[in-house]
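Enquirer: Please read through the structure below; I'll follow up with questions.
The values are calculated or read from the model by the stated rules, or taken from the named source; none is laboratory data. Quantities reported herein were computed from a predicted structural model and do not represent experimental measurements. All Cβ positions, glycine included, derive from the backbone under ideal geometry; neighbour counts span all protein chains shown.
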Amino acid sequence: MVEIAISLAIIGIALVGIIGVLPMGLSTQRDSREDTIINQDATVFIETIGKGALGADDLTNYVYAITNYQTTLSSGGTVTIGYDGAFLTNGLRIVGLLSTPEFEDNNFMPANPGNASFSNYVVAYVRSISGPAVEKPPQDNPILQQDSFSYRILCVNAPLATASPNPDLQANLHELRLTFEWPQLPNGGIGGGRQTYRATIGGQLATNAASQNLYFYQPQSFVTAPPPP
């Protein structure tokens, strides 16, 4: 009996240690899975936005809302402009909104900070593109959709500072900066995950649908630089 009691005590001590480590392991596994999803989705968004894609209609299955907090620089007043699924009906509109320049002039055209009249703070609300297949379209169960992994993207399309006096070069360089925050919580809050991705885009930001405030990166031709003296 003494030996059995000692054996049970040893097993109990071991189980306490295992049970204590188990939640830590599950948390690490969850964090690793979320980091992997964010890295994969970031590649998709950088490629799609940076190349001015017009036919990425599959994004309508994942981007369910976009908000632009537009500030008038002269007065500091902010106007919140929201777009939900009723407007985000194709990839053109989604990419066009995510390409909104950080600074605009009085004509709502891309501008440098020194001559800008408005600044934009664009936030996209996204259900993960990568992840378990059971959560992906054609899945239309609202409960499963709400429980799927979601995050926010803070989209910044800023002019890239350059020392070159060439105006063509200055107009054709932008920094695309995407900051991912996750997970999106049911109460509207956000978790502690945060990661920023940057890419230098060679091309002008142009609009072909001014009434809808949609912008797209367009590649530009460069003239041959003169040889040095």
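Enquirer: Go over the candidates 74, 130, 99 one by one and state the one that is of a type in the set (Gly, Ala, Ser) and over 24 Å from residue 199 (Cβ atoms).
Expert: 74
Enquirer: If you go through region 82-101, how many residues are under 20 Å from residue 158 (Cα atoms) and touching a Phe, Trp or Tyr at 6+ places or on another chain (Cβ under 8 Å)?
Expert: First, pick out the residues of region 82-101 that are under 20 Å from residue 158 (Cα atoms): 93-101.
Pick out the ones that are also touching a Phe, Trp or Tyr at 6+ places or on another chain (Cβ under 8 Å) and you get 93, 95-101.
Counting residues in region 82-101 that are under 20 Å from residue 158 (Cα atoms) and touching a Phe, Trp or Tyr at 6+ places or on another chain (Cβ under 8 Å) gives 8.
Enquirer: Of the conditions (1) over 19 Å from residue 183 (Cα atoms); (2) more than 14 Å from the chain's Cα centre (by Cα), residue 145 satisfies every one except a single condition; which number is it?
Expert: All conditions are met except number (1).
Enquirer: In region 85-111, what residues are within 12 Å of residue 60 (Cβ to Cβ) and either outside any helix (DSSP H, G or I) or aromatic (Phe, Trp, Tyr) (or both)?
Expert: Result: 85, 86, 87, 88, 89, 90.
Enquirer: Failed condition for residue 166, given (1) more than 17 Å from the chain's Cα centre (by Cα); (2) closer than 28 Å to residue 107 by Cβ; (3) modelled with pLDDT of 80 or more, with all others met?
Expert: (3)
Enquirer: With respect to residue 32, determine if the residue is surrounded by fewer than 18 Cβ atoms within 10 Å (Cβ to Cβ), without any contact (Cβ under 8 Å) to a residue 60 or more places away in the chain, assigned to a helix (DSSP H, G or I) and on the phi < 0 side of the Ramachandran plot.
Expert: For residue 32, the condition - surrounded by fewer than 18 Cβ atoms within 10 Å (Cβ to Cβ), without any contact (Cβ under 8 Å) to a residue 60 or more places away in the chain, assigned to a helix (DSSP H, G or I) and on the phi < 0 side of the Ramachandran plot - is met.
Enquirer: Can I ask one more? Being over 15 Å from residue 46 (Cα atoms), touching a strand residue (DSSP E or B) at 6+ places or on another chain (Cβ under 6 Å) and part of a loop (DSSP other than H, G, I, E, B), is that true of even one residue in region 124-147?
Expert: Within region 124-147, none of the residues are over 15 Å from residue 46 (Cα atoms), touching a strand residue (DSSP E or B) at 6+ places or on another chain (Cβ under 6 Å) and part of a loop (DSSP other than H, G, I, E, B).
Enquirer: Additional query: Name the residue, out of 38, 49, that is touching a Leu at 6+ places or on another chain (Cβ under 6 Å), β-branched (Val, Ile, Thr) and surrounded by 16 or more Cβ atoms within 10 Å (Cβ to Cβ).
Expert: Matching residue, one of 38, 49: 49.
Enquirer: Another question, then. Can you find, within region 43-84, the residue that is nearest to residue 105 (Cα to Cα) among those that are among the polar types (S, T, N, Q) and in a helix (DSSP H, G or I)?
Expert: Filtering first and then ranking leaves 48.
Enquirer: Among (1) surrounded by fewer than 15 Cβ atoms within 10 Å (Cβ to Cβ); (2) within 30 Å of residue 135 (Cβ to Cβ); (3) at pLDDT below 95, which single condition is residue 149 missing?
Expert: Looking at each condition in turn, residue 149 falls short on (1).
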